[in-house]
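To keep things clear, I will list the structure first and then write my remarks on it.
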Amino acid sequence: MNYRVVTAFAAAAVLLVLAGTASAEGTFEGRKKCYNCHKSEGLSWKKSLHAKAMESLQPNERKEAKVKAKLDPKKDYTKDKDCVGCHVTGWGEEGGYLIEEPDKFLVGVGCESCHGAGSDYRKTHRKAGEAFEKNQKTTPRSKLVDAGQDFEFVEKCNACHLNYEGSPWKGAKKPYTPFTPEVDKKYAFDFEKYVRDDKAMHEHFKLEGTFTGDPTPKFHEEFQKKAKPAMKKDKEDDKD
């Protein structure tokens, strides 16, 4: 199965931020802010298919897939509002990607595409991290939810991967993606499978245990069992 094509051409533009567990709405800031404390995840993400999502919209990229979906392989879709939304971060939301002023830290399906706009919960992360480093004091995970972090992001994935006419997902709406299972079976999307695909998402690294309690992310224990040691916090800028 061609995972690159499945991910890169998952859908046409729809709003990525849908109803999840988050109870607050922040502003999108871009992955640079996330990398300051999650450098390992950031470096792994750069190699992922989500990181390269925008490249597939460029002229002469993924020619065969575009032809099968009845798209012009020579056309530049990077400014097409019916396509861009599922290839960038925060489309149509405050602080999110703009065609007129593209921010390189919002190109690709980045951290906030899954976890929600980070302006508020990033502050909670920072304060909790400082408290944990100082005296091993933990913070309830519910505080992250209150600040807008999403731990159940299946709907955000569905909003792009299952947004086609006749989709089993009830939230499907125009503009639909032309990349459907009818075009090719590889476009059938199984969240339970792809959330475990490090090539599509990113590798997972050991967390310090700063946050405790519910809601516990569905795959938290599974991912942490196989997680690698993380790099130390790094304040250097992201070198995209």
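The residues in region 100-144 that are of a type outside the set (Lys, Arg) and under 30 Å from SER56 (Cα atoms) can be counted, and the count is 19.
Every residue, every condition in (1) at pLDDT 95 or above; (2) of a type in the set (A, V, I, L, M); (3) within 22 Å of PHE191 (Cβ to Cβ); (4) in a loop (DSSP other than H, G, I, E, B), yes or no:
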residue: VAL17; (1), (2), (3), (4): no, yes, yes, yes
residue: LYS33; (1), (2), (3), (4): no, no, no, no
residue: ALA51; (1), (2), (3), (4): yes, yes, yes, yes
residue: ASN60; (1), (2), (3), (4): yes, no, no, yes
residue: ASP72; (1), (2), (3), (4): yes, no, no, yes
residue: LYS79; (1), (2), (3), (4): yes, no, no, yes
residue: LEU98; (1), (2), (3), (4): yes, yes, no, yes
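Of the residues making up region 144-168, those that are in a helix (DSSP H, G or I), more than 15 Å from SER113 (Cβ to Cβ) and either charged (D, E, K, R) or touching a helix residue (DSSP H, G or I) at 6+ places or on another chain (Cβ under 7 Å) (or both) are LEU144, ASP146.
When restricted to residues that are more than 20 Å from GLU203 (Cβ to Cβ) and touching a helix residue (DSSP H, G or I) at 6+ places or on another chain (Cβ under 9 Å), region 106-117 contains 3.
Of all residues assigned to region 101-115, none qualifies as being assigned to a helix (DSSP H, G or I), more than 18 Å from the chain's Cα centre (by Cα) and of a type outside the set (Lys, Arg). Pairs meeting the criteria (first residue in region 46-59 and touching a residue at least 40 places away in the same chain (Cβ under 8 Å) and within 18 Å of LEU71 (Cβ to Cβ), second residue surrounded by 20 or more Cβ atoms within 10 Å (Cβ to Cβ) and of a type in the set (Gly, Ala, Ser), beta carbons under 6 Å, at least 6 apart or on different chains) are ALA53/ALA8; ALA53/GLY108; MET54/GLY108; SER56/ALA8.
The values are calculated or read from the model by the stated rules, or taken from the named source; none is laboratory data. Not measured: the values here are computed from a predicted model. Please note: Cβ atoms are built from the backbone with ideal geometry, for glycine as well, and neighbour counts cover all protein chains shown.
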